[in-house]
1. Which pairs do you get when a residue that is exposed (fewer than 10 other Cβ atoms within 10 Å of the Cβ), found in region 109-130, comes within reach of a residue that is in a helix (DSSP H, G or I), reach meaning Cβ atoms under 7 angstrom, with the pair 6+ apart or on two chains?
2. Return the pair list, or none, for Cβ contacts closer than 8 Å from residues in region 69-84 that are basic (K, R) to residues that are not in a helix (DSSP H, G or I), at least 6 apart or on different chains.
3. May I ask you to verify whether I84 is of a type outside the set (K, R), part of a helix (DSSP H, G or I) and surrounded by 12 or more Cβ atoms within 10 Å (Cβ to Cβ)?
4. Could you check region 53-81 and list, in sequence order, the residues that are outside any helix (DSSP H, G or I) and either surrounded by 11 or more Cβ atoms within 10 Å (Cβ to Cβ) or of a type in the set (D, E) (or both)?
5. Considering only residues that are in a helix (DSSP H, G or I) and among the basic types (K, R), look in region 96-130 and name the one that is farthest from Q46 (Cα to Cα).
Amino acid sequence: MKIKFLIGVLMVTFLMYSCKEESKDKEPETTETKVEETKFNYNVEQFADIKVLRYEIGGWDQLTLKEQKLAYYLTQAGLSGRDIMWDQNYRHNLEIRTALEKVYSDFKGDKTSSDWASFETYLKRVWFSN
């Protein structure tokens, strides 16, 4: 019930924002962006029709050690929440994931074959979809 209410509020907010008329008399703001000398590679991996992207966290070095630890622990909590979601979606999901990861890590056969590439793509889709 709360999720439906939250989605409804978000949709109404989005519609109100998208229908807002902007003043045409207003001069466009010009912003200057500093081009960095080093290019950041956002594309981590691509498989099938999916691209995995990463984000650059500007200002990470300016955070205090306490704030960096907080970000670390929040990430760990998110990973724990991931396992909870896997378990709630289907009672055997964690066992299935464990079995697939065991095959991936302990396989002694030919890892250059097309079957292995297909298995890797399937496993990555399972990871990405959940």
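1. These pairs meet every condition: D110/W116.
2. Close Cβ pairs satisfying both conditions: R82/N130.
3. For I84, the condition - of a type outside the set (K, R), part of a helix (DSSP H, G or I) and surrounded by 12 or more Cβ atoms within 10 Å (Cβ to Cβ) - is not met.
4. Start the filter on region 53-81 by keeping residues that are outside any helix (DSSP H, G or I), which leaves 53-59, 63-64.
Within region 53-81, R54, E56, L63 qualify.
5. K102
Quick note: the coordinates plus some simple rules give every number you see, no bench work behind them. If you're wondering where the values come from, they're calculated on a predicted model, not measured in any experiment. So basically every Cβ, Gly included, is an ideal-geometry build from the backbone, and we count neighbours across all protein chains shown.
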